[in-house]
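Notes for the one structure printed next.
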Amino acid sequence: MKPIYVMHENPEWVVPLHQAFAELGVNANEWFVDTGAVALDQVPADAVYYNRMSASSHTRGHRFAPELTRMALTWLEQHHRTVVNGTDALYLEVCKVSQYAALERAGIRTPKTRAVVGEANLVAAAQDFDQWPLILKPNRGGKGLGVHKFDTLAALAAHLGSNSDEQPLDGIWLLQQYIEAAEPFITRCEYVGGEFIYAVDVSTEQGFELCPADVCSIGDSFCPVGEQPQNKFRINHGFAAEPIIKKHLQFLADSGIDVAGIEVIRAKDGTLYSYDVNTNTNYNSQAESEGGVALTGMMAIAKHLTQLAQQ
């Protein structure tokens, strides 16, 4: 069996994955990717490498972790190592504009979106975009940070200049059509190894910071979602019958993505919009337990990686 390396920059997020490996009697190594060197002049070990780099790494002080990860993945792929969520997946993880383009190519509807560089250009761009209400969000953000809804141009203009801590990391702002949901939640579809695992409904009644990781739900510094009076994640068993699942699976296969959570929202007219692809996906164990899922997300990943290591 080949060694397994989990590439990441947040130890808290891999704790439940190690627990799943332990249940399988498998040991997995960690490759903490923050700063360091990539030995491009050497041959990497013959192993299975699972990339869990997140677009939100900069919020944990790991500003250049995605860049280092890209170098490492390029090196691994050059030597034909087994990589789960390689450079193509990382490319989409850190660029929502690229996500939307790839989703649209796959015949999957996304909200109308306009990209803007330069905060001074936002008001004029929003006026021309003329989609009200609209969502303002960073192209490279993570965890829903910096996502705001505005009903009027005046409200958007008043907000600008007061959000110095929410500047997009790559300088690209997104103006996006606000989809009025039929119900106050979004649905996150989880996929591992070319299979649909389950869908989970996530309440949006308290904002857009929707990371499902267990550590986030208790409001620690790794993912400050904040304490909730009740779990806002609930397994949606009926969603498995939705035709969008098949389209998502084809999109993931075409995009070279093995593990992902894709967020969708159902408009009042019944139309489904896909608007976020999370290649560093996390799971909420309470929702999994209460929903009686046959296979948890982390166990699905652990089994997938173990099978690859045994080949």
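So that you can scan it fast, the table gives a plain yes or no per residue for (1) free of Cβ contacts under 8 Å to residues at least 12 places away in the same chain; (2) touching a helix residue (DSSP H, G or I) at 6+ places or on another chain (Cβ under 7 Å); (3) closer than 28 Å to Lys247 by Cα:
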residue: Arg140; (1), (2), (3): no, no, yes
residue: Lys149; (1), (2), (3): no, no, no
residue: Leu153; (1), (2), (3): no, yes, no
residue: Ala158; (1), (2), (3): yes, no, no
residue: Asp170; (1), (2), (3): no, no, no
residue: Leu175; (1), (2), (3): no, yes, yes
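Condition check ((1) closer than 11 Å to Lys232 by Cα; (2) in a loop (DSSP other than H, G, I, E, B); (3) under 16 Å from the mean Cα position of the chain (by Cα); (4) modelled with pLDDT of 90 or more) across all residues:
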site	(1), (2), (3), (4)
Ile179	no, yes, no, yes
Glu183	no, yes, no, yes
Tyr198	no, no, yes, yes
Asp201	yes, no, yes, yes
Gln206	yes, yes, no, no
Leu210	yes, yes, yes, no
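Selection of region 271-311 for residues being in contact (Cβ under 8 Å) with a residue 40 or more places away in the chain, surrounded by fewer than 21 Cβ atoms within 10 Å (Cβ to Cβ), over 16 Å from Phe233 (Cα atoms) and hydrophobic (A, V, I, L, M, F, W, C) yields Leu272, Leu295, Leu308, Ala309.
Screening Asn121 on (1) of a type in the set (S, T, N, Q); (2) surrounded by 15 or more Cβ atoms within 10 Å (Cβ to Cβ); (3) not in a loop (DSSP other than H, G, I, E, B) shows it passes everything except condition (2). For Ala55, state whether it is in contact with a Gly (Cβ under 7 Å, 6 or more places away or on another chain), buried (at least 21 other Cβ atoms within 10 Å of the Cβ) and not hydroxyl-bearing (Ser, Thr, Tyr). Here the answer is yes, as Ala55 does meet what is asked. Tyr49 falls short on exactly one of the conditions (1) assigned by TED's automatic domain parsing to the domain that holds Ser162; (2) in contact with a Ser or Thr (Cβ under 9 Å, 6 or more places away or on another chain), and that condition is (1).
If the condition is being more than 26 Å from Ala253 (Cα to Cα), charged (D, E, K, R) and in contact with a strand residue (DSSP E or B) (Cβ under 9 Å, 6 or more places away or on another chain), then region 108-156 contributes Arg114, Glu119, Asp128, Lys137, Lys149, Asp151. Look at (1) exposed (fewer than 15 other Cβ atoms within 10 Å of the Cβ); (2) at pLDDT 95 or above; (3) out of contact with any strand residue (DSSP E or B) (no Cβ under 8 Å at 6 or more places or on another chain) and you find that Glu227 fails only one, number (2). Is there a residue being free of Cβ contacts under 8 Å to residues at least 12 places away in the same chain and more than 26 Å from Met298 (Cβ to Cβ) anywhere in region 83-100? Yes, region 83-100 contains a residue that is free of Cβ contacts under 8 Å to residues at least 12 places away in the same chain and more than 26 Å from Met298 (Cβ to Cβ). Counting only residues that are closer than 23 Å to Ser98 by Cβ and without any contact (Cβ under 8 Å) to a residue 60 or more places away in the chain, region 10-37 holds 1 of them. Is it the case that region 16-32 has a residue that's β-branched (Val, Ile, Thr) and under 25 Å from the mean Cα position of the chain (by Cα)? Looking through region 16-32, none of the residues is β-branched (Val, Ile, Thr) and under 25 Å from the mean Cα position of the chain (by Cα).
Looking only at region 106-115, decide whether some residue is hydroxyl-bearing (Ser, Thr, Tyr), without any contact (Cβ under 8 Å) to a residue 12 or more places away in the chain and farther than 13 Å from Tyr5 by Cα.
No, that holds for no residue.
The values are calculated or read from the model by the stated rules, or taken from the named source; none is laboratory data. Bear in mind that the values here come from a model prediction, so they are computed numbers and not experimental data. Cβ sites come from the backbone with ideal geometry, for glycine too, and all protein chains shown count toward neighbours.
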